[in-house]
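The values are calculated or read from the model by the stated rules, or taken from the named source; none is laboratory data. None of these values were measured; they are calculated from a predicted model. Cβ coordinates were reconstructed from backbone atoms using ideal geometry, including for glycine residues, and neighbour counts include every protein chain displayed.
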Amino acid sequence: MAAPDRARAGLAAGPAGTTPATAIHGPSPFARVAGLGSVFGKGIRDGRRAALIIAGLLGLLVVVTASQVAIEYATAIERQALAAQMAALPPVFQGMLGEPTAIETLGGFVSWRLFGFVPVMVAIWSIVALSGVLAGELARGSLDVVAGGPISRRSLAIQKVTAHLVLLGVVALVLAVVTWVSLEAFGTLPGDPVAFDAALGQATFVFVATLVPGAVAFAVAPFVGRGAAIGAGALVLFASFIVNGYGDLVPVFEAIRPLSYFDLVEGHRPLAGISDWPALGLLAVIVAGILVAGVVAFERRDLLVPSGGRQVVPRLDAWIVGPFTRSFGERLPAALVWGGALGLYGLILATTADEFVALLSEIPQVISMIERLFPNADILSVAGFLQLAFFSEAIILMGLGAAFLVAGWASDESERRIEMILGAPVSRVAWALKSGAGVLVAIALMTVLTVLGVALGAWIQGEEASDVALGVSVLGLYGVAVAGVGLAVGGLVRPGLAGVTVVVLVIVFYLIDLLGQILRFPQAILDLSLNQHLGQPILGEFDAFGLVLCAVLALGGLGLAAAGIGRRDVGN
Amino acid sequence: MTAVIETTRLTKRYGEHRGIDDVDLSVEQGEIYGFLGPNGAGKTTTIRVLLDLIRPTSGSARVFGIETTADPVAIRRRVGYLPGEWNLYDRLTGAETIDYFANLRGGVDRAYQRDLVEQLDLDPSRRFREYSKGNKQKVGLVVALQHRPELLILDEPTAGLDPLVQQTFNGMMFAAKAEARTIFLSSHIISEVERVCDRAAIIREGRLVRVDSVAGLRDLSAHEVELRFAGPVPTATFEAMDGVSRVAAEGQTLRMLVTGPIAPVVKAAAALDFVDFVSREPTLEEIFLNEYGRQVADGRGVADGRA
């Protein structure tokens with residue numbers, strides 16, 4: 001670098017330079033806190049953008065929900081009617097958000113409808129971030145350099161974890177402030193506004209609950225590697241969420257419900273006027289214990305990239321035939337895990353469906369309400385139960401699974417494998433088409449496993465398994481559709497955005513679906529969610545437009561990915 | 001001779017950032033061509049344009065007479081490439097990795113592949129993620145060489161290799177040259193280029209500053225001359241001569257830098273009463289540093305560098 005360049009870059013000149021070299025005496029206080037002055041500061045610096053985006057999105061959700069409820073249910077009578085309607089719904093219709101408490105107030109509604117799912121959304125970030133702080137850096141090789149400096153392993157781990165805790169704390173604080181201001185601003189009825197400490201108490205619940213799966217991912221990552229740690233965190237998150245949500249419906253889930261951390265803190269809803277600080281405190285202690293265990297394990301263990309344990313899939317020559325089989329082979333373990341988990345979830349739900357249906361049949365009011373809601377469907381059947389209890393929630397898991405696979409595909413470029421591959425006589429377009437097709441086929445495999453699990457359960461229940469299987473397979477179409485969008489973004493723009501795009505898309509679709517009907521969003525907004533265009537396929541009601549749209553998104557996305565990679569510089 | 005690589009005013013810019021500017025290269029068939037430059041000089045950018053991994057902003061690049069953007073697959077079919085920074089599949093073993101790339105190409109001679117693995121003393125049974133940096137580099141070398149490419153493009157190929165393996169690598173380069181294959185070797189290790197290359201180009205801040213044979217680069221450069229006299233040191237005589245610079249007397253010894261032919265200095269010294277004469281040929285490294293050092297000191301632009 002020439003001297004003027006050095007000066008421009010703000011660097012000290014070397015001995016041959018024209019400007020005198022200045023010594024680095026130590027980082028500034030700002031650099032220590034939010035810059036390159038310490039491991040903690042770098043953690044804050046690296047994660048601040050994600051934290052701000054998440055805080056902004058959550059704040060927006062709170063504002064939209066609170067304002068929409070205030071507009072659509074403006075009078076006390078309308079609110080009471082809404083609350084009565086929701087309370088009368090059997091648990092399966094309430095989704096996985098638990099019992100509605102004080103939802104005639106703005107705070108109670110926001111707490112039930114929104115804050116029941118927010119810890120799941122934010123936990124995905126927490127899992128990804130905490131699994132990577134040590135294991136990700138270890139795999140990249142950068143941890144060796146940092147740990148080679150004058151810093152103890154314990155301090156290194158603590159600083160990294162603390163940085164994430166601070167970022168998450170900022171997100172929770174923003175959430176508390178926005179919630180409090182929104183309820184003050186949009187609250188029109190007595191009981192709508194809440195004290196700031198109630199909003200803060202609710203945000204504290206988000207903070208602690210979010211950390212549970214992230215802490216698990218952090219603790220196991222140095223042993224099993226980042227990918228498996230993400231899987232462990234996701235398992236803790238979704239298993240706890242589903243077991244708690246459907247505990248009332250599924251006896252097996254009811255039996256293991258106390259293991260769910262969502263069950264432990266279910267009584268803590270300060271926005272709805274109830275709180276359970278001892279339970280939240282206990283969960284915080286558990287989280288702290290897991291994090292400490294992770295720090296100690298990191299401190300004591302050799303600094304080695306985990307070997308990943310046993311090979312999940314057998315070694316076959318097929319995996320190295322070409323870009324398609326390589327891509328499929330790379331995605332195969334994840335596809336088996338995601339598909340297996342979804343299939344098991346479906347199997348458990350399906351095999352317990354008869355008990356639920358029998359219970360429901362005994363309540364004539366519920367039957368008449370269901371018949372009004374689903375006039376053409378035999379909702380009092382295993383298929384009906386699966387449509388309500390399985391399909392509507394499995395869709396988000398299928399979407400996140402697709403995101404995981406798309407992110408893996410994109411890593412071929414971001415981790416510079418593509419440079420070696422394109423050194424061979426393989427065209428960019430051919431590589432993109434073949435490797436992208438490998439992702440879509442992996443999603444198809446996930447779907448097959450899911451279908452097998454659900455269909456087996458339905459068959460055990462004496463249901464027509466083929467009809468159920470056909471309906472469940474629509475999940476796969478949804479998966480390839482969102483994957484297609486991710487592939488297109490990765491190909492056209494840059495690989496780092498591919499997986500994130502799918503995650504955001506899946507969550508936005510889910511939230512529109514979750515909130516849209518009850519908040520009476522305009523049809524144009526509801527139509528933006530792909531979930532709205534899938535019909536009720538397990539009940540035999542297919543939405544042809546939606547299915548074609550899924551196919552177009554999948555294949556079109558693959559084509560756009562190929563076109564993008566064919567046109568732009570790769571590996572930059 | 002046929003030009004295997006030919007670039008004309010090849011330029012690549014990354015937005016406002018410099019990539020390479022007006023690079024003119026011509027690499028002939030059967031030669032080992034060194035591409036020297038410090039980090040960030042534009043070596044990797046040039047290589048990535050040659051392989052159509054990135055597209056030029058202006059100018060053109062041809063490999064085997066084919067425009068790089070027109071039919072990159074046809075080019076890469078005949079090329080073996082080892083990037084400077086790369087990664088491969090953690091789950092695959094070394095053998096699987098090598099086989100994968102053999103499959104992508106087709107027509108790889110298994111015996112030759114095995115021979116390369118043995119020459120490099122690589123254990124192919126271990127998973128890629130378990131390899132050391134040097135062993136990963138060996139896998140990369142086998143991948144690049146196994147199909148006996150007509151043109152080898154190697155970006156910092158000896159990074160992480162121990163001296164013994166580096167010797168083996170040099171032998172592989174000479175063997176490839178003996179088979180009339182062409183090698184384009186990018187490096188910032190001058191001694192490596194000096195050992196194996198026929199010609200070398202020096203690139204700095206995105207522009208070629210010199211292209212010549214390795215021997216020519218040495219001849220074009222200044223010689224360090226040391227003369228010892230029995231009597232008084234005739235400093236003024238030598239200071240007045242063309243091509244002589246940095247004349248310094250120390251006791252009865254006179255040191256100077258002679259650029260170009262050294263004969264006039266020898267004749268002048270013979271006419272005087274000198275008792276000892278030492279002329280040292282500079283290493284390529286010294287030329288390299290001299291070139292960069294002078295340009296930084298002069299603050300001048302780069303010289304034209306036509307291959």
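All told, residue B:152 falls short of being away from chain A (no Cβ under 12 Å) and farther than 25 Å from residue A:319 by Cβ. Flag: residue B:246 does not match the condition of being at pLDDT 90 or above and touching a strand residue (DSSP E or B) at 6+ places or on another chain (Cβ under 7 Å). Residue-level check: of (1) crowded, with 24+ Cβ neighbours inside 10 Å; (2) within 14 Å of chain A (Cβ to nearest Cβ), residue B:15 misses just (1).
So, residue A:122, is that one buried (at least 20 other Cβ atoms within 10 Å of the Cβ) and either more than 30 Å from residue A:193 (Cβ to Cβ) or under 23 Å from the mean Cα position of the chain (by Cα) (or both) or not? It would help to see each step written out before you state the result.
On the way: buried (at least 20 other Cβ atoms within 10 Å of the Cβ): yes; either more than 30 Å from residue A:193 (Cβ to Cβ) or under 23 Å from the mean Cα position of the chain (by Cα) (or both): yes.
Spelling it out, residue A:122 is indeed buried (at least 20 other Cβ atoms within 10 Å of the Cβ) and either more than 30 Å from residue A:193 (Cβ to Cβ) or under 23 Å from the mean Cα position of the chain (by Cα) (or both).
Scanning segment A:439-472 for residues that are in contact with a Gly (Cβ under 8 Å, 6 or more places away or on another chain) and either small (Gly, Ala, Ser) or outside any helix (DSSP H, G or I) (or both) yields a count of 4.
Against the test of being touching a helix residue (DSSP H, G or I) at 6+ places or on another chain (Cβ under 8 Å), in contact (Cβ under 8 Å) with a residue 60 or more places away in the chain and under 15 Å from residue A:241 (Cβ atoms), the options A:110, A:128, A:122 yield a single qualifying residue, A:122. Kindly evaluate residue B:62 against the criterion of being away from chain A (no Cβ under 11 Å) and outside any helix (DSSP H, G or I). Taking the combined requirement at face value, the residue satisfies it. Checked against (1) within 14 Å of chain A (Cβ to nearest Cβ); (2) surrounded by 23 or more Cβ atoms within 10 Å (Cβ to Cβ); (3) of a type in the set (A, V, I, L, M); (4) within 27 Å of residue B:175 (Cα to Cα), residue B:20 meets all criteria but (4).
Applying the condition of being among the aliphatic types (A, V, I, L, M) and assigned to a helix (DSSP H, G or I) to segment A:127-144 and asking which residue is surrounded by the fewest Cβ atoms within 10 Å (Cβ to Cβ) yields A:139.
Applying the condition of being touching a helix residue (DSSP H, G or I) at 6+ places or on another chain (Cβ under 7 Å) and more than 10 Å from chain A (Cβ to nearest Cβ) to segment B:92-113 and asking which residue is surrounded by the fewest Cβ atoms within 10 Å (Cβ to Cβ) yields B:108. The test for being without any contact (Cβ under 8 Å) to a residue 60 or more places away in the chain and either out of contact with any helix residue (DSSP H, G or I) (no Cβ under 8 Å at 6 or more places or on another chain) or assigned to a loop (DSSP other than H, G, I, E, B) (or both) holds for residue B:164. Take the conditions (1) touching a helix residue (DSSP H, G or I) at 6+ places or on another chain (Cβ under 8 Å); (2) modelled with pLDDT under 85; (3) closer than 22 Å to residue A:49 by Cα; (4) of a type outside the set (Gly, Ala, Ser); residue A:138 misses just one of them, which is (3). Exactly one residue out of B:216, B:231 is part of a loop (DSSP other than H, G, I, E, B) and surrounded by fewer than 22 Cβ atoms within 10 Å (Cβ to Cβ), and it is B:231. Checking the structure you have, find out if any residue of segment A:480-500 is surrounded by fewer than 22 Cβ atoms within 10 Å (Cβ to Cβ) and in contact with a strand residue (DSSP E or B) (Cβ under 7 Å, 6 or more places away or on another chain). The answer is no; no qualifying residue exists.
A search for C-beta distances below 8 Å between a residue of segment A:257-282 that is in a loop (DSSP other than H, G, I, E, B) and any residue that is of a type in the set (Val, Ile, Thr), counting only pairs 6+ apart in sequence or on different chains, returns A:260/A:243; A:265/A:208; A:267/A:274; A:268/A:274; A:273/A:101; A:273/A:105; A:276/A:265. Is it true that residue A:183 is of a type outside the set (Ser, Thr, Tyr), modelled with pLDDT of 90 or more, assigned to a helix (DSSP H, G or I) and more than 24 Å from the chain's Cα centre (by Cα)? Yes. Summed over segment A:532-572, residues that are surrounded by fewer than 22 Cβ atoms within 10 Å (Cβ to Cβ), away from chain B (no Cβ under 14 Å) and of a type outside the set (A, V, I, L, M) total 12.
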